[in-house]
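Heads up, the thing below is written out as structure tokens.
The values are calculated or read from the model by the stated rules, or taken from the named source; none is laboratory data. Everything quoted here is computed from the prediction, not taken from an experiment. For neighbour counting, all protein chains shown are included, and Cβ atoms are generated from backbone atoms with ideal geometry for every residue, glycine included.
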């Protein structure tokens, strides 16, 4: 009679590879869960490119094992927003089975028993074609787009309903708040890189032409004064008249060039002459840049940062934009304590709910800012003012009331408090970022 081996009990059935995974779940289910622990090379490359460092978190897809890359680590894939969001959502990109299965997993060397590795979740078939890489990118974009079409309308019109549904566990049809936040940050600064560049270059051109026109006007005034003195002395009148004619011609050309940039349809129109005067913003920058340093300033580093920004506004805005882009995550932990203060006596309200609320709220504000950029290019100042004054408080009111099941009065006073807090937090954030970026 054959004796049982030390590793096998007499009443224990021999281990066999089956088509079912742990906890009697089908292997496909285990493989689908396991694949959320893997991230594609695009996300890793983009993470290195953006130099965003984030600690890896633990996700309990399998007991005792750590996630290979956390949701925060996926922020490195902002250069491909759809791919980033689908990675965080746990995208199931379809995989093909290999005609000649590999004996061991290429990633962890565990024995393979199907189309996916039961240990790490990697597909048994390894693709090495550019076509498959493009297919994965397109799948990620389209997969995110399908959820975005259901999430964005609720984010704009019914933010409280969206936040409450996600907190209650209805998450299959909606983009998670972190994934949507990453996408909106990418979209906002992608649009800003085009719109702001056009606005800044136009403003810089207007400022240069304004200075040129002012110099030409001053030259004409001096020549007119010289002509009056020459006529009194009755000497050199012809030469001064010739110089005056040339200076007047140069002044006219400078004004026409300025008008062409400011308002092309008003070139040669006398009604547009007033447009050549510098605006309030230009005067403020010039005043800051020309004023002497104040050694007795309360915040010398802050004054130095503002002075550098005024001397070269285009470079300052470029640095400021990149710094905000990298440190936008700071708005989340800064906002959470203030949210807690408004609900600290409610035991059923948790910090997790506040985090979801803040993320979706920041997503809407980013979307609003993205809409304001093209409106500013189109010179729709009245519409921009209307949206800035009405959209944020109305959205906060609706989101507070729907998320926390508040009454009208409870949502109203919290909205007023949240508006004050949001402005304070935003100003502090901008000052800190300015000191960090402009020096």
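Can you find even one residue in segment 165-187 that is at pLDDT 85 or above, crowded, with 18+ Cβ neighbours inside 10 Å, over 21 Å from the mean Cα position of the chain (by Cα) and under 19 Å from residue 366 (Cβ atoms)? Yes, segment 165-187 contains at least one residue that is at pLDDT 85 or above, crowded, with 18+ Cβ neighbours inside 10 Å, over 21 Å from the mean Cα position of the chain (by Cα) and under 19 Å from residue 366 (Cβ atoms).
Within segment 342-376, the only residue that satisfies the criterion of being outside any helix (DSSP H, G or I) and either touching a helix residue (DSSP H, G or I) at 6+ places or on another chain (Cβ under 6 Å) or within 17 Å of residue 176 (Cα to Cα) (or both) is 342. Being at pLDDT 75 or above, touching a helix residue (DSSP H, G or I) at 6+ places or on another chain (Cβ under 8 Å) and in a helix (DSSP H, G or I) is true of residue 251.
Quick grid of which residues meet (1) farther than 23 Å from residue 352 by Cα; (2) modelled with pLDDT under 55; (3) part of a loop (DSSP other than H, G, I, E, B):
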site: 74; (1), (2), (3): no, yes, no
site: 91; (1), (2), (3): yes, yes, yes
site: 121; (1), (2), (3): yes, no, yes
site: 138; (1), (2), (3): yes, no, no
site: 146; (1), (2), (3): yes, no, no
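So which residues in segment 406-439 are outside any helix (DSSP H, G or I) and in contact (Cβ under 8 Å) with a residue 12 or more places away in the chain, if there are any at all? Hits for segment 406-439 are 438, 439.
Looking only at residues in segment 399-425 that are out of contact with any helix residue (DSSP H, G or I) (no Cβ under 8 Å at 6 or more places or on another chain) and within 19 Å of residue 366 (Cα to Cα), the one that is modelled with the lowest pLDDT is 424. When 101, 111 are checked against the criterion of being at negative phi, modelled with pLDDT under 65, out of contact with any helix residue (DSSP H, G or I) (no Cβ under 6 Å at 6 or more places or on another chain) and surrounded by fewer than 16 Cβ atoms within 10 Å (Cβ to Cβ), a single residue qualifies: 101.
Of the residues making up segment 377-398, those that are crowded, with 16+ Cβ neighbours inside 10 Å and in contact with a helix residue (DSSP H, G or I) (Cβ under 6 Å, 6 or more places away or on another chain) are 384, 391, 395, 396, 397, 398. Exactly one residue among 407, 402 is assigned by TED's automatic domain parsing to the domain that holds residue 355, within 22 Å of residue 352 (Cα to Cα) and surrounded by fewer than 17 Cβ atoms within 10 Å (Cβ to Cβ), and that residue is 407.
For the structure I just gave you, tell me whether residue 327 is modelled with pLDDT of 80 or more and out of contact with any strand residue (DSSP E or B) (no Cβ under 7 Å at 6 or more places or on another chain). So residue 327 fits the description; yes. Listed conditions (1) modelled with pLDDT of 85 or more; (2) in contact with a helix residue (DSSP H, G or I) (Cβ under 9 Å, 6 or more places away or on another chain); (3) in a helix (DSSP H, G or I) are all met by residue 150, apart from (2).
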